[in-house]
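S.K.: The structure follows.
Please treat every number below as a calculation from the coordinates, not as lab data. Only a predicted model underlies this, so the values are computations on that prediction, with no experimental measurement involved. Don't worry about glycine lacking a Cβ; one is built from the backbone with ideal geometry, like all the others, and counts go over all protein chains shown.
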Amino acid sequence: MCGIAGVIAFRENLHDRERVFRRMQEAIVRRGPDQRGMLVTEHAALIHTRLAVIDPANGRQPMHRAYRGEVYSIVYNGELYNTDEIRQKLAEKGCTLTTRSDTEAVLMAYAVFGEACVEMFNGIFAFAVWEQKRERLFLARDRMGVKPLFFHLTQERLVFGSELGCVLAYPDVPHEIGMDGIRELLLFGPGRTPGCGVFRGTEELQRAEYAYYTKENGLRRHTYWALEAQEHRENFAQTAEHVRYLVTDAIRRQLVSDVPLGTFLSGGLDSSLISSVAAREFAKEGKVLHTFSVDYRDNDKYFKKSKFQPDADPAYIRQMQDYLHTEHHWTVIDTPSLAGALYAAVDARGLPGMADVDASLLLFCKEIRAHVTAALSGECADELFGGYPWYRDPEIRSAYGFPWSQSTAYRMDFARPEIAEVLQARGDVDKAYQETLSRTSVLPGESPQERRMREMLRLNTDWFMQTLLEGRDIKKPEHMAPAQAVKKLKIYVLHRMTYGGAGGEAPAI
């Protein structure tokens, strides 16, 4: 995980604002503790903080390359899983890369192919490229929105960054919320309306979007990908084999690292599968995988079954521990520690979040960071592979409204009467629900159940999954110092399953 930020202002000399840019950099330094970099020209500033995972010595940013009379500069946050394929495409165009860093691959792919490069990328990313002579900025975000990119736009300038706090560190960005912001915090939180930045005038580049910013045309945004329903033509055996290939290929690609790497192990299907494949790959190189699990003090005494978690984790974790023969690490969290981390977790997210879920992840990652720099997890598998009760339970599945939040009445009690009255009159939750359903791609003649399953996938990928991703890609308070690069296997799998990749076309969903 790295941090990126920048300011483009065509009506002022940005050399006079370097102190402000240092303040913006400080706001994202914990995203990238290894290196800092900055480019400041008359009308553009690019800011970067780096967590070095691939080619630490040669991946410094901002990175600059000259190509056909133009000088391109990039700040990049992400991981490209098909760097070798991009390298080959560039070689066919007579362009040879000089480092192993995926940053250079992204930069030169943009220089050579322009905005079409984002359709070639297999990975998770948010990046900005400044064309120094043409004075044009290019912004892009990955298909599923794993990597964040907020911005604030006025007639005078564009301010952007990996985190809200970084954008708000620019003095002219208002620290204010209006009724829309109250709606987000009170009714939708910890989720957010796609593209909403909560604070007045602050937005987020949508997933699968790229944008150009120029003096003549301002900001022009474009969508380059969307999840679309297609007829599935494979039989069960073919589908199983194809999914197996996609999952294992995704894991192997994400094991490429020049720093210590491990895996989360909860005992569930997803983390167990990931850890199993990773352990085999490590064994081929004579290495032992580090796996990590979390438990809560006296959990055996107080654990209660639910539809979300019918059984406690430890018994399954120990089974996998015996099977994998990894170097396993347990973290046991007690209630005082969890309560003490609640405020730090809110500071890390920058907004009210998932309370004890965020706090426990913060504490867990602190312990992981003592052993590895990056860790793979099975986060978001339930969203994509139907693991939640609202996929399986017919009654929950058919209920009207966001399945994880059927009623906002209790939340509305926290609002002052005059605010509650306005929010109720606006009907924002119902509007958001209906708008999300309207974006669902369906096939003619599908049964009501099939249609509803597609709607559930859309509701989850647009809302619930984004909340989880945000919690895994946020800055951490310095005294917590957690693992900085928790990777998202299942998001990558969806990339492969929806737009294909190396090794052939993917099955339609």
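S.K.: What are the ³J(HN,Hα) values, in whole Hz, obtained from phi via the Karplus relation 6.51 cos²θ - 1.76 cosθ + 1.60 with θ = phi - 60°, for each residue of the range 408-414 in sequence order, with x given for Gly and Pro?
M.R.: Computed from phi, the couplings for the range 408-414 are 10, 4, 5, 5, 4, 5, 7 Hz.
S.K.: What translational D, rounded to a whole number of µm²/s, comes out for the chain from Stokes-Einstein when the hydrodynamic radius is the Kirkwood one over Cα pairs, at 10 °C and 1.306 mPa s?
M.R.: 66
S.K.: Please arrange His175, His48 by counting, for each residue, the other beta carbons lying within 10 Å of its beta carbon, fewest first.
M.R.: Ordered from fewest to most neighbouring Cβ atoms within 10 Å, His175, His48 come out as His175, His48.
S.K.: Along the charge dipole of the chain, which of Ala375, Ala240, Tyr210 sits closest to the positive end, that is, farthest toward it, with unit charges on the beta carbon of Lys, Arg, Asp and Glu (+1, +1, -1, -1)?
M.R.: Tyr210
S.K.: Among rounded, prolate and oblate, which fits the range 336-449 when a ≥ b ≥ c are the square roots of the eigenvalues of its C-alpha gyration tensor, a/c under 1.5 means rounded, and a/b larger than b/c means prolate?
M.R.: oblate
S.K.: Using a cut-off of 15 Å between alpha-carbon atoms, which aspartates and glutamates can reach Lys305, once sequence neighbours fewer than 8 places away in the same chain are excluded?
M.R.: The qualifying aspartates and glutamates are Asp313.
S.K.: Something else about it: Check Met63: other-chain or 5+ apart residues with amide H under 5 Å from its amide H, H built from backbone geometry?
M.R.: Ile74
S.K.: Which of rounded, prolate or oblate describes the range 3-223 when judged by the alpha-carbon gyration tensor and an a/c cut-off of 1.5?
M.R.: prolate
S.K.: Whole Å is fine, so just give me how far the alpha carbon centre of the range 202-219 lies from that of the range 253-299.
M.R.: Comparing the Cα centres of the range 202-219 and the range 253-299, I get a distance of 38 Å.
S.K.: When the helix-only estimate is applied to the chain (DSSP H runs of n ≥ 4, each -39,500 (n - 2.57), divided by the residue count), what is the mean residue ellipticity at 222 nm, nearest 500 deg cm²/dmol?
M.R.: -10500 deg cm²/dmol
S.K.: Also: Quick check on the exposure proxy: order Trp390, Trp330 from fewest to most C-beta atoms within 10 angstrom.
M.R.: So the ranking, lowest neighbour count to highest, is Trp330, Trp390.
S.K.: Order by neighbour count: Lys304, Lys287, Lys366, Lys147, fewest other Cβ atoms within 10 Å first, most last.
M.R.: Lys304, Lys287, Lys366, Lys147
S.K.: Can you give me the long-range amide H partners of Cys2? Hydrogens built in the peptide plane at 1.01 Å from N, cutoff under 5 Å, separation of 5 or more residues or another chain.
M.R.: Placed amide hydrogens put Leu51, Gly78 under 5 Å from Cys2.
S.K.: Another question, then. Longer than 26 Å from Cα to Cα, which of Lys304/Lys431; Lys93/Lys133; Lys287/Lys366 are they? Say none if no pair is.
M.R.: Among Lys304/Lys431; Lys93/Lys133; Lys287/Lys366, the Cα-Cα distance tops 26 Å for Lys304/Lys431.
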